[in-house]
1. Which numbered condition in (1) open to solvent by less than 20 Å² (accessible area, probe 1.4 Å); (2) farther than 27 Å from residue 371 by Cα; (3) in contact with a Lys or Arg (Cβ under 9 Å, 6 or more places away or on another chain) is the only one that residue 237 fails?
2. Please determine whether any residue of the stretch 159-173 is in contact with a Phe, Trp or Tyr (Cβ under 6 Å, 6 or more places away or on another chain), within 21 Å of residue 205 (Cα to Cα) and either of a type outside the set (Gly, Ala, Ser) or surrounded by fewer than 17 Cβ atoms within 10 Å (Cβ to Cβ) (or both).
3. Just a yes or no: is a residue in the stretch 311-328 open to solvent by less than 30 Å² (accessible area, probe 1.4 Å), in contact with a helix residue (DSSP H, G or I) (Cβ under 7 Å, 6 or more places away or on another chain) and aliphatic (A, V, I, L, M)?
4. Tell me the residue from 212, 249, 230, 234 that is under 22 Å from residue 287 (Cα atoms) and at pLDDT 95 or above, please.
5. Within the stretch 257-302, which residues are under 14 Å from residue 246 (Cβ atoms), assigned to a helix (DSSP H, G or I) and open to solvent by 30 Å² or more (accessible area, probe 1.4 Å)?
6. Based on this model, can you work out whether residue 41 counts as open to solvent by 30 Å² or more (accessible area, probe 1.4 Å), without any contact (Cβ under 8 Å) to a residue 24 or more places away in the chain and part of a loop (DSSP other than H, G, I, E, B)?
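The values are calculated or read from the model by the stated rules, or taken from the named source; none is laboratory data. Keep in mind it's a predicted model, so treat the numbers as computed, not measured. Please note: Cβ atoms are built from the backbone with ideal geometry, for glycine as well, and neighbour counts cover all protein chains shown. Keep in mind that these areas ignore ligands, DNA and RNA; they rest on the heavy atoms of the full protein, side chains included. Shrake-Rupley method; radii C 1.70, N 1.55, O 1.52, S 1.80 Å.
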Amino acid sequence: MNQAFVLDFAYESDDIIYHHLSFGLAISSNSKVRDIRMNTKLVKAYGTEASDKPLKLIEIKRRDLLQHDIEMEILYCGICHSDLHQIKNDFGMSAYPMVPGHEIVGKITRIGNQVTDFKVGDFVAVGCIVDSCHECENCKEGEEQFCNSFPTFSFNSPDKYLGGMTFGGFSQTYVCEDKYVLHMPEFKDLAAAAPLLCAGITVYSPLKHWGAGIGKKVGILGIGGLGHVAIKIAKAMGAEVIVFTTSTAKVRDAKRLGADHAILSSDEGQMKTYAGQLHFIIDTVSAQHDVNTYLNLLRRDGSLVLVGLPPKPLEVGAFNVVMGRKSFSGSNIGGIRETQEMLDFCAKHNITADIELIKVKDVNEAFERLEKGDVKYRFVIDMASLPK
């Protein structure tokens, strides 16, 4: 989840002032704070007050329920690399105080009087998106991630109800409109399913869109928080899965995860055997790398799709796409409907992330380890460890 902020202003109505920090390049005049007087309650959370300060126990406000809202007790919350980017202000425009977390799994404790698709006691989930304009073409087609007015994310995004910024899942509770709440299937390991709310949909959406399946050779570049889930999903779709990695240890682990073949990308001989062979490559790498090497592995009309977020532009040689009518594309999470589809697919095929379950008191150490790449492959916080 990539976020950026460009404008700070205040919206004033009847002596209530809402501070509103707008997102990205596409925030529009249609996106405005709703003029609603609301009751709130304080809940415990783990957050930070600045980019150079550790996360600690704080109190935040959650809104009282509107007619279509649900309130959930948070059971588990995954830790994503974008959480680290945000708390460290790597994009240069983070807002504080900040409570991260957008891979949220919980149990409903209350519902608004117009909620019909959920009931108290249901296991549910909230991912990256918690609001959108509802009106643009993308939203109407279930592609809220591309909302023309920019979606509201589950944390560090303009809060249209309370003003300020949204607070994420490192907390006791979450309140969200039912339209953006997901039914959580009966996974054997609910905690290990939490990263699917971001990592899962980030790889499922392009794999489905570009037709990964039976008879297709699918390359996966990188084995990390995204790549290891991509292996499992692509294999369950019926594709022949070829993994490319710079790590000898991960060559072995790729086979454990279900890959048909695992290639050390520094081995020129192995790489040449796949030249012009692959229908599709999903690139999960967020570091600088030479994508031209992998474009040469595509067959005619093949696509390389970037889901990682390298810090600088990547160079693409013209002949590497012109010869063979190849495509270099990108993808970014998925809409609510597709995210529900992904959860149901993963439950059917018993797909979850490989996780390390931690207590909330260990979250700062987890972020330090994540920054070093010292995790196989995702951290998830047991929110029962949050002091009440």
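1. If we test residue 237 against (1) open to solvent by less than 20 Å² (accessible area, probe 1.4 Å); (2) farther than 27 Å from residue 371 by Cα; (3) in contact with a Lys or Arg (Cβ under 9 Å, 6 or more places away or on another chain), just (1) comes out false.
2. no
3. Checked the stretch 311-328: no residue is open to solvent by less than 30 Å² (accessible area, probe 1.4 Å), in contact with a helix residue (DSSP H, G or I) (Cβ under 7 Å, 6 or more places away or on another chain) and aliphatic (A, V, I, L, M).
4. The match here is 230.
5. 268, 270, 293
6. no
This table checks each residue for (1) among the basic types (Lys, Arg); (2) within 18 Å of residue 338 (Cβ to Cβ).
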| site | (1), (2) |
| --- | --- |
| 84 | no, no |
| 90 | no, no |
| 119 | yes, no |
| 137 | no, yes |
| 145 | no, yes |
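Residues checked against (1) buried (at least 22 other Cβ atoms within 10 Å of the Cβ); (2) at pLDDT 95 or above; (3) of a type in the set (Asp, Glu):
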position: 334; (1), (2), (3): yes, yes, no
position: 337; (1), (2), (3): no, yes, no
position: 341; (1), (2), (3): no, yes, yes
position: 345; (1), (2), (3): no, yes, no
position: 369; (1), (2), (3): no, yes, no
position: 376; (1), (2), (3): no, no, no
position: 386; (1), (2), (3): no, yes, no
